[in-house]
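The structure appears below as structure tokens.
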Amino acid sequence: MKHFSNKLPLHFKLLCYFLAFGTIILVLLWIFQNFFLESFYTATKSSQVEKNAAIISKSIKENKNVQGTIENVASYNSLSVYVYNSTSLFELMYDCEYDSPVTALKLEYHDVYNYYKEASDNGGNYMCITSNRSENIAREKLNNIFKSYASPDTPQAEIHYNSKDDSWGQNMVYADIITLEDGSECFLIVTSSITPLSNTVEIIKDQMVIVSVVFVLLAIFFSILASRRIARPISKTNDSAKELAKKNYDVEFNAKGYLEVEELNDTLNYAKTELAATEKLQRELIANISHDLRTPLTMITGYGEVMRDLPGENTPENIQIIIDEATRLSSLVNDLLDLSKLQSGAVQPQKSRFCITDSINEIFERYSKLKEQDGYNIIFESDENVYVYADELKISQVLYNLINNAINHSGDDKTVIVTQKVVDKKVLIEVTDHGEGIPADKLQYIWDRYYKVDKEHKRGVIGTGLGLSIVKGILDSHNARYGVRSTLGVGSTFWFELEAVAVKKKPKNRFSKYRKNNADDEKPNEET
């Protein structure tokens, strides 16, 4: 059943929900009409009588326009009000009857006394609903009224009033004992007739049948309209998403209707743009990798055939070229494997405590042969020996990639500066070059797997665009902060931070300089 429900279209589900909501509202109306109308009417009447009695009681206590207040309250709310002097055998002081003359409660002395006793026992006030013992009188009054308007020829049996409503003659009585400032007491009785609701309920029931039919028809109409209006933008977005899944990047997500759909369309438009760019970069990567793989293989094959076919060509120089090209090929394959493992999460950092300053000095020793011919200056500046808790091998790989990237883009001065600083118990490593720089709109893409700022593929200079992706993967696995600052024509600075677990001072102005030679086996990995 649940599986079937998941197959239903959105607009049909919304239609069912709207209709169910309308049905619940209609059922609640019928329940309140049939079971709670009378009690609600009685509670409202009781509150009204008690509120008006409080107004009259306040006027009596303050002795301000008592008769006027009683008449205004009684006339506006159709009440009967009686005020007795309870210290003088319930002498009537004020009275005002605006209740129906037929249903008004007729009070005798003993009635007043009984209400007074109930109020006294109840803390000073008393509320009750009582049947009018003068119902026969009321019936007789009605008969007299009917007779006065009836024709002399009308049989008396046809004008005789007969009450079949048990609630006829019921009254709500509120009694309140009022203590005045001089110590005397007044006794206030406020009565209001309770209108029989049986006929009213029957009328409302007939109306409710008509209202229910109209309500159901309107509910169906508006449910269909609302469900389609809500579902249409989502359906349109879904159709566009299906086209995007078919790699149709020209599709537009422009459905309107409400905020969530427009935000979803903005997100999908952004995803479409990124997917199109990623696919383009992936094609470029495949072309670049194919080029980088084919070139060393061609040279290895070519030199191998020369050494095989030509006497005297089996020289150390030719063999070294084959070794260098095989090393280049191996480095490219290793980068691809490392990146794949990092992005899949298959490799977790093996952390240990080590001195990152010593690791940088050891890395610089690898560049010692570069100082003789090419004139590259690689400078390391630090004031402390800093210890960190991280994967030493992976952090060394990060440093290699950043330094190699800086060397490939070092500019005319051929200078690369590596700086180590300790800031807020964190070691900050910065690798700076004075090259061409990176445009501001390209900075967010340089960490991407397939991205290269310079689209022209140059062997030995630009590389495959994997180095910075490897750096990103390693630093992400260490939860480290990293970034880049760059200015066109000035250069770039790549940086990352690690938690410093220990810092030891060392002599200032200590640095290392290395110069780059032309040996292919020492030439760094290319990077963008």
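The values are calculated or read from the model by the stated rules, or taken from the named source; none is laboratory data. Computed from a prediction, not measured in an experiment: that's the story for all the values here. A quick note on method: Cβ atoms are made from the backbone with ideal geometry, for glycine too, and the neighbour counts reach across all protein chains shown. These accessible areas exclude ligands, DNA and RNA; they are computed on the full protein's heavy atoms, side chains included. Shrake-Rupley method; radii C 1.70, N 1.55, O 1.52, S 1.80 Å.
For region 415-424, indicate whether the set of residues that are in contact with a His (Cβ under 8 Å, 6 or more places away or on another chain) and among the basic types (Lys, Arg) is non-empty. Looking for residues that are in contact with a His (Cβ under 8 Å, 6 or more places away or on another chain) and among the basic types (Lys, Arg), one finds none in region 415-424, hence no. Out of the residues in region 89-125 that are among the small types (Gly, Ala, Ser) and either at pLDDT below 80 or under 21 Å from LYS64 (Cα atoms) (or both), which is surrounded by the most Cβ atoms within 10 Å (Cβ to Cβ)? So the residue we want is ALA104.
Checking the stated criteria, GLU365 turns out to be acidic (Asp, Glu), under 20 Å from ILE395 (Cα atoms) and exposed (fewer than 13 other Cβ atoms within 10 Å of the Cβ). Taking the numbered list (1) part of a strand (DSSP E or B); (2) of a type outside the set (D, E, K, R); (3) open to solvent by less than 50 Å² (accessible area, probe 1.4 Å); (4) farther than 19 Å from VAL471 by Cα in turn, VAL422 passes all entries but (3).
Taking region 170-194 as the search range and keeping residues that are open to solvent by 30 Å² or more (accessible area, probe 1.4 Å) and acidic (Asp, Glu), which one is farthest from SER46 (Cα to Cα)? Looking at residues that are open to solvent by 30 Å² or more (accessible area, probe 1.4 Å) and acidic (Asp, Glu), I get ASP182.
If you go through region 473-505 and keep only what is out of contact with any Leu (no Cβ under 8 Å at 6 or more places or on another chain), open to solvent by less than 30 Å² (accessible area, probe 1.4 Å) and in contact (Cβ under 8 Å) with a residue 40 or more places away in the chain, you end up with LEU475, GLY491, SER492, THR493, LEU498, ALA500, ALA502.
Yes/no per residue for (1) out of contact with any helix residue (DSSP H, G or I) (no Cβ under 8 Å at 6 or more places or on another chain); (2) modelled with pLDDT under 80; (3) assigned to a helix (DSSP H, G or I):
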residue	(1), (2), (3)
ALA53	yes, no, yes
SER57	yes, no, yes
VAL83	no, no, no
THR87	yes, yes, no
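Taken over region 337-358, the criterion of being surrounded by 16 or more Cβ atoms within 10 Å (Cβ to Cβ) and in a helix (DSSP H, G or I) is satisfied by ASP338, LEU339, LEU342, ILE356, THR357.
Among the residues making up region 317-332, those that are more than 18 Å from GLN397 (Cα to Cα) and polar (S, T, N, Q) are ASN318, GLN320.
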